[in-house]
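Where a number appears in this text, it was derived from the coordinates with a stated rule and is not lab data. Note that this is a predicted model, so its numbers are computed, not measured. A quick note on method: Cβ atoms are made from the backbone with ideal geometry, for glycine too, and the neighbour counts reach across all protein chains shown.
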Amino acid sequence: MTKSAERSVDWLAAVRRVVGAPETATWWRGLDLVAIVRAAERRGASPVLDDEEQRVAALAMTENGVGGREAAARLGTNDRQVSRWREAAGLVGGDCA
């Protein structure tokens, strides 16, 4: 994904879709949606995310064309974990390219 294409992504909307949150939510069922967005955008200092928030961020990034290795780097995890999350969600065989 190019930087210009990524700038046009509405990350908060993507995160809300992944978790099924209402369009005005910034917190949903214990998840800090804004922190997830900050981690996905990799803008400024990345917040500390719990395991579920990392999973949601990885799936939102997948939805918006961010590769598995890049998603893993943004989240401070490994690409195999991102693959597992993708596979569990039924997304593209979990390919981490």
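Please give the direction-averaged projected area of the C-alpha convex hull for the chain, in square nanometres with one decimal.
5.7
Loop-only check: which trypsin sites (Lys or Arg not before Pro) in segment 1-90 are DSSP coil with at most 11 other Cβ within 10 angstrom?
Here the sparse-neighbourhood loop sites are 29, 43.
Pop the C-beta distance of residue 69 and residue 45 into the FRET formula with R0 = 22 Å and round what comes out to the nearest 0.05.
It comes to 0.55.
Which value, in debye to the nearest 20, gives the size of the charge dipole of the chain about its Cα centre, when Lys and Arg are +1 and Asp and Glu are -1 at the Cβ?
Roughly 180 debye, rounded to the nearest 20.
Find which of 47, 27, 91 sits farthest along the positive direction of the dipole of the chain, computed with +1 on the beta-carbon of Lys and Arg, -1 on that of Asp and Glu, about the Cα centre.
Farthest along the dipole direction, towards plus: 47.
Build a GNM of the chain with springs between Cα atoms under 10 Å: which of 32, 79, 51 gets the top mean-square fluctuation?
51
Considering only DSSP states other than H, G, I, E and B, which GluC sites (Glu not before Pro) in segment 5-95 qualify as loop sites with at most 10 other Cβ atoms within 10 Å?
23
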